[in-house]
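Readers should treat all values here as calculations from the given coordinates under stated rules, not as data from a laboratory. Predicted model only: the values in this text are computed from it and were never measured. When we count neighbours, we look across all protein chains shown, and the Cβ atoms used for this are built from the backbone with ideal geometry, even at glycine.
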Amino acid sequence: MSSGMMPASMAAGRLTIDLGALAANWQDLAARAGGAATAAAVKGDAYGIGIGPAARALAEAGCHTFFVALPEEGLRVRDAVSDAAIYVLGGLIPDAGEAYVAADLRPVLNSRPELEEWAAIRRRGARTSAALHVDTGMNRLGLTLGELRKLAERRDLHEALGLSLVMSHLACADTPDHPLNRKQLAAFRAVRTLIPDLPASLANSAGIFLGQEYHFDVVRPGIALYGGRPVNGIANPMRPVATLEALVLQVREAKAGETIGYGAGETLRRPSRIAIVGVGYADGYQRRAGASDRRMGASGFVRGASAPILGRVSMDLIALDVTEVSGVERGDWVELFGPNVAIDDVAAHADTISYELLTALGPRYSRTYVGGPVQSRD
Ligand SMILES: *Cc1c(COP(=O)(O)O)cnc(C)c1O
């Protein structure tokens, strides 16, 4: 199924993906990373924008190394970029090793059972390499420092596992003065002492902005590539990549004192003009971004002006206050995020992060890719 084949007029929401902006963001981050190689995290369907087109555009921009969560995502990157180095962050899924080898997908080895299973596969002649993941303070995936200490005594470790990378992951990089950042940096330096002579990788998007000492040999940005703000509390230096627009289905007038939408959650304080647009939570537009008498919701942008949400977000519809926006009519397109509505602002109104907004986008939109080497989703 490809919603990309749907004519724009058959869907009430449209998503425009600017692959030129994606490539420019990659180049911007590569410049900030200085001497380190810049990889790309393309898990979660490249944060919702489409893994195939994203991987091709990034490869064209100069990216050689990709991080995915699942082997299935790795296969899709392999189809898009035949010579890419592809790391699977979820590690070695039990008994899937031969499939990794067949597509040259490199497991990020996270635990001792994975190490043992991978070593056995290598002993049978596989040449695919792997990364070693050491946990430095997040307590998610990865070996403990204690486990690494024991392992590092083995002289044939690199060869037995075909190691091409050692990595760890920062828990608080988007908050630069969080004390855990320096603790993790110190722990990762200890990791490198225990297991030298391997390329090393610590920084995600935000980690790149923590400064050169966090860069090591390979950086792994995700959200900043897709236009999200990498660091809390600073202006976003990245270009927007995804623009979400919704069609105005109806414009109506309502009187002061009337209520809007489900639960009658918002009462109009003045006579209002309301635009009803055809996107809702079934399109991944977060229900929590809605408004009530007690809280402001997110806003759309139409005919050059901002238009705040009125009332709750429905499954397929949103109401916008266009009382102060002249000329809005049925058939207009409203920007819900993009160059005029920061995705991080919409996310903040929904008590979430841009990552969740992007990965929740779903298949109901007409999708258009602009500014890049490919036009289709698959
Ligand atoms: C998702 C992820 C990244 C990318 O993180 P961003 O915050 O999106 O830049 C890097 N490394 C690992 C291990 C990840 O899981």
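Among E117, E60, E324, E153, the order by Cβ neighbours within 10 angstrom, fewest to most, reads E153, E324, E60, E117.
Work through the residues other than G20 whose Cβ is under 12 Å from its Cβ and net out their charges, Lys, Arg +1 and Asp, Glu -1. Within the 12 Å Cβ shell, the charges total -1.
Evaluating kT/(6 pi eta Rh) at 37 °C and 0.692 mPa s, with the Kirkwood radius of the stretch 19-226 over Cα pairs in the Stokes-Einstein relation, gives 192 µm² s⁻¹. Under a 5 Å amide H cut-off, with hydrogens placed 1.01 Å from N, G162 pairs with nothing among residues at least 5 apart or on other chains. Taking every alpha-carbon pair under 8 Å whose residues sit at least 6 apart, the chain reaches a relative contact order of 20 percent.
Only DSSP H runs of four or more residues enter the estimate; each adds -39500 (n - 2.57), and after division by the residues of the chain the mean residue ellipticity at 222 nm equals -8000 deg cm²/dmol. On C-alpha positions alone, give me the angle between the axis of helix 179-194 and the longest principal axis of the chain, in degrees, nearest 10. It is inclined by approximately 30 degrees.
With the cut-off at 20 Å, report for the stretch 242-341 the share of all Cα pairs above it, as a whole percent. Here the long-distance tail beyond 20 Å is 28 percent of all Cα pairs in the stretch 242-341.
Out of all DSSP beta bridges in the chain, what portion is antiparallel? Express it as a percent rounded to 5. In the chain, DSSP labels about 50 percent of beta bridges as antiparallel. Most mobile of H133, H158, H178 per a Gaussian network model of the chain (Cα springs, under 10 Å)? Result for the chain, Cα springs under 10 Å: H178 fluctuates most. Taken over the chain, the ratio of Cα radius of gyration to 2.2 N^0.38 Å equals 1.11. Placing unit charges on the Cβ atoms only, positive for Lys and Arg and negative for Asp and Glu, gives the stretch 166-272 a dipole magnitude near 160 debye about its Cα centre.
The alpha carbon radius of gyration of the stretch 260-314, expressed as a multiple of 2.2 N^0.38 Å, is 1.09. Each Lys or Arg adds one and each Asp or Glu subtracts one; over the other residues with Cβ under 11 Å from the Cβ of G74, this totals 0. For the chain, modelled as a GNM whose springs connect Cα atoms under 10 angstrom apart, the maximal fluctuation among P221, P71, P271 occurs at P271.
Note down the net charge around N204, summing +1 for each Lys or Arg and -1 for each Asp or Glu among other residues with Cβ under 11 Å from its Cβ. That sum, taken over residues with Cβ under 11 Å, equals 0.
Sorting K183, K255 by the number of Cβ atoms found within 10 Å of their own Cβ, with the fewest placed first, yields K255, K183.
Among G125, G297, G137, which one shows the biggest mean-square fluctuation in a GNM of the chain, springs joining Cα atoms closer than 10 Å? Of G125, G297, G137, the most mobile in the Gaussian network model is G125.
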